[in-house]
Every structure is written in C-alpha cells, then in structure tokens.
1. Could you look through region B:312-360, keep only residues that are buried (at least 24 other Cβ atoms within 10 Å of the Cβ) and closer than 15 Å to residue B:522 by Cβ, and pick out the one that is nearest to the other protein chains (Cβ to nearest Cβ)?
2. Of all residues in region B:216-244, count the ones that are within 14 Å of chain A (Cβ to nearest Cβ) and either in a helix (DSSP H, G or I) or under 15 Å from residue B:271 (Cα atoms) (or both).
3. Is it the case, given these coordinates, that residue A:72 is at pLDDT below 95 and crowded, with 21+ Cβ neighbours inside 10 Å?
4. For region B:388-413, which residues satisfy the criterion of being part of a strand (DSSP E or B) and more than 11 Å from every other protein chain (Cβ to nearest Cβ)?
5. Considering B:486, B:482, which residue is more than 19 Å from residue B:536 (Cβ to Cβ), without any contact (Cβ under 8 Å) to a residue 24 or more places away in the chain, in a helix (DSSP H, G or I) and in contact with a helix residue (DSSP H, G or I) (Cβ under 8 Å, 6 or more places away or on another chain)?
6. Considering region B:104-120 alone, what residues qualify as being assigned to a loop (DSSP other than H, G, I, E, B), at pLDDT below 95 and touching a strand residue (DSSP E or B) at 6+ places or on another chain (Cβ under 7 Å)?
7. Tell me, which helices (runs of 4 or more DSSP H) wholly within region B:1-76 include 2 or more residues that are away from every other protein chain (no Cβ under 14 Å)?
8. Does region B:520-527 include one or more residues that are more than 12 Å from every other protein chain (Cβ to nearest Cβ), within 19 Å of residue B:412 (Cβ to Cβ), out of contact with any strand residue (DSSP E or B) (no Cβ under 7 Å at 6 or more places or on another chain) and buried (at least 20 other Cβ atoms within 10 Å of the Cβ)?
C-alpha cells in the first residue's frame with residue numbers, strides 16, 4: 001500500500017496544497033481512505049493527522065470505511081426528488097436493511113445518495129457501479145436489484 | 001511542431017483545415033454528453049463505425065461524436081448533416097436502417113423522427129423541432145457540431161480568433177472596456193457585472209494574479225456548465241485566456257466537480273491541445289503574454305461553489321468561506337488578486353470579442369444582456385438544456401419550448417436558482433426571466449436550473465427538501481447557518497409529519513430574517529429563500545398541513561392514506577405482487593382489499609395500478 005501511495009505523492013509533488021488531490025487519488029485507488037495511508041501522507045507532507053482527518057470528513061468524495069462490492073447511488077437532485085426519488089431510497093433501505101452511507105454486513109452493497117448527476121431526463125435515477133438506470137420506480141428497482149443479488 | 005505564433009498563422013491554419021473539410025459530405029453526429037451516454041449512445045456510435053467500416057462507406061460519410069445537443073428527453077440523438085435531419089431515441093437496432101436509407105439513398109427514416117405531441121406531425125429537421133425553434137443557441141449551438149476532443153473542429157469554426165484579436169489589436173484596458181460595454185453579468189448566480197470585476201482585479205495591487213473558472217456546479221437540477229465543459233471546452237478556455245490577458249494574470253485554475261468525470265476528461269484534454277498549439281504557455285501567439293491553466297477536482301462539497309470556499313479548497317484546505325470585507329479580486333487565492341467567473345460567463349467572452357459589445361448588448365433586456373442557458377427539468381415534457389435571450393417569459397419557456405407538463409397534469413410552480421432560489425407560482429408565469437425580475441419575485445437566477453413542479457408536488461416538502469440539502473452542505477463555520485438551518489428543518493419536518501403548530505410559520509419567518517442578516521456567506525443568507533417563497537405563494541398548503549393534518553399533494557407520507565376503490569379494481573393482482581409487507585389481499589379477478597394498519601405507505605401499489613384503483617389522499 002505504501003508503495004502505491006508514495007507513487008501518488010510523487011506524481012503530484014510534496015506541496016501541502018496538493019493534499020486534496022493526493023487524497024482523491026488514494027480514494028480512487030483503494031475506494032476508501034485507509035488509516036495507514038493517511039498517517040503516511042501526514043508524515044510525508046508534514047501535515048498533522050488531525051488536519052488530514054478534517055479534510056477527509058469535510059469532502060463528500062472521501063470515505064473512511066471500505067465500500068461494498070457494488071455501490072448503489074441514488075440521485076437526490078431536485079428533479080429526481082419531485083419525480084419520487086425519495087421512494088427509491090426508502091425502498092433500497094428496506095430491501096438492503098441498511099441506512100444511507102452504510103454497507104451490508106456481507107460487504108455486497110453500499111447505499112449512497114448523490115446530489116445531482118445532471119441526467120435529469122432520466123429521473124428518478126439510480127447508478128450502480130457507474131452504470132445508469134433511469135426512470136426508476138419501486139418495482140423496476142426490484143428487478144435491477146435481483147440481478148445483482150444473484 | 002503545431003505551434004501557432006501569430007494571428008496570420010492561425011488564419012492560415014483555419015483556412016487549410018476548412019479546405020480539408022468537405023462540406024457536402026454526409027456527417028452523422030451522435031450526441032455523447034453524460035445524459036445520452038446514460039441512454040447508451042456509445043453503443044450506437046460504435047455500431048455506426050462498424051457499419052461504415054464494413055460497408056466501406058468512409059468516402060461517403062463521417063461519424064462525429066459531439067457534446068450534448070440539449071434535448072436530453074429524446075436521447076440518444078443523431079443528426080445527419082448537412083441536411084440537419086433529426087433522429088431521436090436511436091437504438092443500436094436502428095443503425096442499419098439509417099445507413100441503408102439515409103446514408104445510401106438519402107431517404108428519411110420516418111419512425112425515428114420527432115413527433116409534435118400537439119399536432120401529431122412528424123418533424124424532419126432539427127431546426128424545425130419546437131424545442132429548438134424558439135431558442136437562440138449562441139453558446140450551445142456549437143456543442144452539436146464539434147467533437148470536443150478535437151481542437152481542429154473548434155479551429156475550423158473560428159476558434160481562438162477572438163484571442164488572437166484581443167492580443168494583437170487590443171490593449172488589456174480595451175478588452176475590459178469591451179466586456180463592460182457588452183453588459184455581460186456573471187452567470188454563476190450573483191449577476192455581478194463581469195467587466196467591472198475584471199477592472200477591479202486588474203487595478204488591484206499584488207502579483208501574481210490568478211483567474212479561476214468555477215465549474216463546481218452544485219445546484220441540483222442544473223447541468224449547463226457540465227454540458228459546456230464536456231461539449232465545447234475550448235470556448236471556455238479561450239474566454240479564460242482573454243480574461244487573463246485583460247487582468248494581467250499568469251496562472252489559471254478550472255475547478256471541476258468530481259461528479260463530472262467526462263467534463264474533467266474533456267477540459268484536461270483541451271488544455272493539453274491548447275498548449276501544443278501555443279494558445280497556452282509562454283509567449284502566446286507571439287504576443288509576449290504568458291499564461292497557463294491547471295485543472296483542480298472538487299471534493300463533492302456544495303459550499304465550494306462559493307468563491308472564497310473554492311479558493312480555500314484549491315489551497316488544499318477544507319472548503320470553508322471567509323467573510324468578504326476584502327474582496328477576492330484584491331485578496332484571493334494564496335492572498336493574491338484573483339478573478340473568478342463561472343463556466344458560462346467565460347464561454348461568452350470570445351463571442352463578445354469576435355462580434356463586438358454592441359452586438360451582444362442588443363440581445364436581452366435593459367439590465368441583463370445576452371442569452372442564458374437553463375436546464376428545464378422535473379415534471380416537464382421536454383427535459384433538456386435550452387438557451388434563450390434574457391427576458392423571455394416563463395410561460396414561453398415552459399410551454400412553448402418545454403412542451404408543457406407531463407401526463408397532462410396541471411402546472412403548479414417552477415423552482416429557479418437552486419437551493420438559494422425560490423418557487424414561482426402560476427400567477428407569475430408571464431414574468432420575463434432576467435436577473436432583476438427573478439430577484440424581485442423572491443427567487444434568483446442562480447446558475448439557471450428550472451425545476452418544473454405539477455399538482456402532485458408538495459410545496460412544504462420542497463422547502464423541507466432544500467433545507468435538508470443545505471443542512472448537509474453547510475460547512476458549519478458560522479453559527480446562524482449551522483444552527484439556524486437545522487432548527488428550520490426540524491420545524492419543517494414536524495409540519496410534514498403532521499405535528500406542526502400554528503406558531504411555526506411565525507418562527508420560520510423570524511429565523512429566516514436572522515439567517516439573511518447574520519450568515520457569513522451566500523449559502524446561509526439565501527437559505528431561507530425556498531421557505532420564504534413557498535410561504536409567500538403557497539401559504540395555504542402550510543396551513544392545511546398544520547391545521548387539517550393533510551397534505552393536499554399527497555406527498556407527505558405521515559399525512560396520506562392509501563385504499564382501494566372497489567369499483568375500479570379488476571383484481572389483476574399487480575399490487576399484491578409489489579407490496580413489500582403483504583398489506584393487500586383478495587381473490588383473483590375480484591376487488592382487492594388494503595389493510596391500512598399494515599400499510600407502510602411506500603406507494604409501490606399506486607405506481608403499478610393500471611386502473612387508478614389505488615387511491616391516495
């Protein structure tokens with residue numbers, strides 16, 4: 001892990017102002033920010049761990065816990081909201097038995113909401129592992145979810 | 001070496017590129033903005049390429065993947081040039097027919113044309129489609145014509161000639177004067193006069209100076225900036241370089257939302273290409289002026305759209321705003337004079353330099369010049385991005401361009417300006433849309449999101465939705481915003497649960513006044529707008545929630561009940577299959593029964609019933 005993080009740091013340079021970009025690349029690589037990695041970044045850039053923690057919890061792009069095998073994102077932009085996006089969130093919470101931001105105990109699914117992906121014509125919109133599923137309703141959601149549960 | 005070192009060389013390059021281009025040759029453009037990609041446009045484009053290769057049609061036709069055409073409702077969109085034939089909802093299966101009919105025989109494939117829902121007539125040409133007909137697509141127009149990953153496409157259309165003109169013919173002061181005369185105002189929401197901002201920054205003391213392109217488009221329901229960055233990144237970049245020259249900046253940043261991967265990719269590529277041609281870097285076009293641009297990814301924080309928060313974020317800090325006693329044009333990024341403009345503002349600059357301030361000032365209203373891009377979304381028939389002259393009325397936008405409300409429902413309100421804006425009711429539909437008119441109605445322009453709402457939208461729920469959004473996104477630095485929004489949200493949640501009290505409305509209004517006065521940045525001072533405008537125009541809805549414990553739109557879960565109307569139920573059993581808690585029972589082909597004590601009001605049965613037998617009230 002340290003070798004990979006070192007490569008990310010050297011790509012960006014050791015400047016303190018690059019810390020957000022470095023964390024973003026770590027997040028992309030590992031799909032979360034491992035504690036060990038953050039401690040290493042803190043030592044290398046000379047930034048207190050508390051400040052790195054503050055960044056990691058401020059920006060939505062970062063997660064401190066590993067995410068599940070499949071990441072389900074429900075768009076909660078205004079257009080999706082008025083078209084019933086909230087009911088999709090409720091449905092998924094019920095089906096997966098987790099809250100938004102959590103991962104199922106088997107590590108299979110993580111449920112997240114996103115503010116707006118700007119694909120409003122497709123609302124209510126659900127994105128699973130980067131794939132878009134548009135004009136969702138609760139019964140369509142059922143069918144899509146079943147495909148992943150197999 | 002491709003480097004262009006003067007205006008003359010650039011003109012020569014453009015002319016030679018034009019000569020290479022055969023204007024008579026058929027060109028199929030496939031929209032590949034994020035919206036159409038979600039529909040699967042990439043597969044369509046691949047199928048076209050395969051067919052063209054297999055049938056050896058390379059001489060007759062070219063394929064171009066372009067940016068967003070705007071009419072997202074009908075994607076994937078394919079336009080056949082030079083005729084301008086407009087095919088909508090094109091699937092991979094339709095590709096062979098387009099090739100055999102349109103490409104080989106010059107015939108139109110009727111079934112892929114857009115059908116006017118009002119007249120039932122099929123429309124063949126893009127410019128005749130009602131959605132496009134009333135628009136004035138100065139900025140978005142090129143999106144459908146150029147491949148955003150190919151700088152040559154932009155150069156053919158006079159790209160970077162405005163930059164060459166500014167560098168060769170105009171002093172920085174003259175550029176500023178031209179932008180001032182044009183009347184261009186900031187498209188990010190505030191509407192501050194762009195030329196004046198540039199002038200302040202030019203006159204400010206300190207070096208180096210910076211320019212920033214704010215592409216942290218956070219307003220939910222607005223995606224015009226993404227579309228421009230994805231579809232025509234060079235125009236945004238050209239605007240920035242001209243601005244940097246006028247201001248005397250040597251470094252620029254484009255701050256892009258990380259949720260927009262394609263925009264990030266296209267602007268990054270555009271910057272590399274611009275460097276290769278010498279539009280960025282040392283001694284641009286032989287003028288002695290040097291400037292370069294870097295892309296910064298946002299971290300997914302709405303507040304970073306605020307200028308001082310955005311600058312903190314670039315510096316590698318949490319994106320918290322600061323009080324602006326001293327403006328960022330004087331003390332901005334790294335404590336240096338910094339000029340920040342929004343994507344759409346920058347994209348307007350090359351047009352103004354090329355065509356002149358007077359031409360630009362002729363478009364629009366007294367106080368708001370030029371065009372504005374809006375994203376028309378929500379309960380509207382033709383969802384998409386539109387560009388119209390300032391001053392067009394909401395009615396024209398929603399009904400003439402947007403085709404009215406979905407499923408024949410009744411219009412209720414349109415929400416503009418994102419979480420900082422407000423709702424505008426039916427009585428104000430004839431309001432001409434510009435910066436000042438929207439503000440006087442209690443809303444604001446914002447970045448241009450227009451979320452259309454119908455009779456099934458609950459206005460108290462809308463206010464609750466925005467405050468919940470803002471509670472999540474408040475950075476927490478100042479108390480009125482952090483605590484005020486939370487308390488207001490608590491009250492709204494109580495009202496939507498049917499636990500509201502008469503005095504709640506008064507408290508909401510009081511808290512609103514505090515937030516407007518005391519918050520540090522615009523996120524907080526404008527946060528009450530969704531509450532205040534819904535209270536102003538839809539007060540009776542609050543009252544029915546509070547007094548009668550009813551949600552007239554049938555949205556607030558605790559206040560609605562579901563039941564089955566026996567006379568309409570055919571006993572098809574669709575509802576039984578979707579009910580997650582087994583609340584519905586009955587014999588096949590006989591009216592069913594819904595046990596209200598078991599029902600969790602998820603609405604699944606309501607969605608699937610084809611006979612309107614499930615009643616929600």
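The values are calculated or read from the model by the stated rules, or taken from the named source; none is laboratory data. Quick caveat, the model's predicted, so the values are computed rather than measured. Ideal geometry is used to build each Cβ from the backbone, glycine not excepted, and the neighbour counts take in all protein chains shown.
1. B:319
2. 8
3. no
4. Going through region B:388-413, the residues part of a strand (DSSP E or B) turn out to be B:388-389, B:393, B:405, B:411-413.
Listed by number, the residues that qualify are B:388, B:389, B:393, B:405, B:411.
5. Numbers: B:482 fails: in contact with a helix residue (DSSP H, G or I) (Cβ under 8 Å, 6 or more places away or on another chain).
Step by step, each of B:486, B:482 is checked, and only B:486 is more than 19 Å from residue B:536 (Cβ to Cβ), without any contact (Cβ under 8 Å) to a residue 24 or more places away in the chain, in a helix (DSSP H, G or I) and in contact with a helix residue (DSSP H, G or I) (Cβ under 8 Å, 6 or more places away or on another chain).
6. Matches in region B:104-120: B:116 only.
7. Details: elements: B:7-20, B:34-39, B:41-54.
Those helices (runs of 4 or more DSSP H) span B:7-20, B:41-54.
8. Among the residues of region B:520-527, not one is more than 12 Å from every other protein chain (Cβ to nearest Cβ), within 19 Å of residue B:412 (Cβ to Cβ), out of contact with any strand residue (DSSP E or B) (no Cβ under 7 Å at 6 or more places or on another chain) and buried (at least 20 other Cβ atoms within 10 Å of the Cβ), which makes the answer no.
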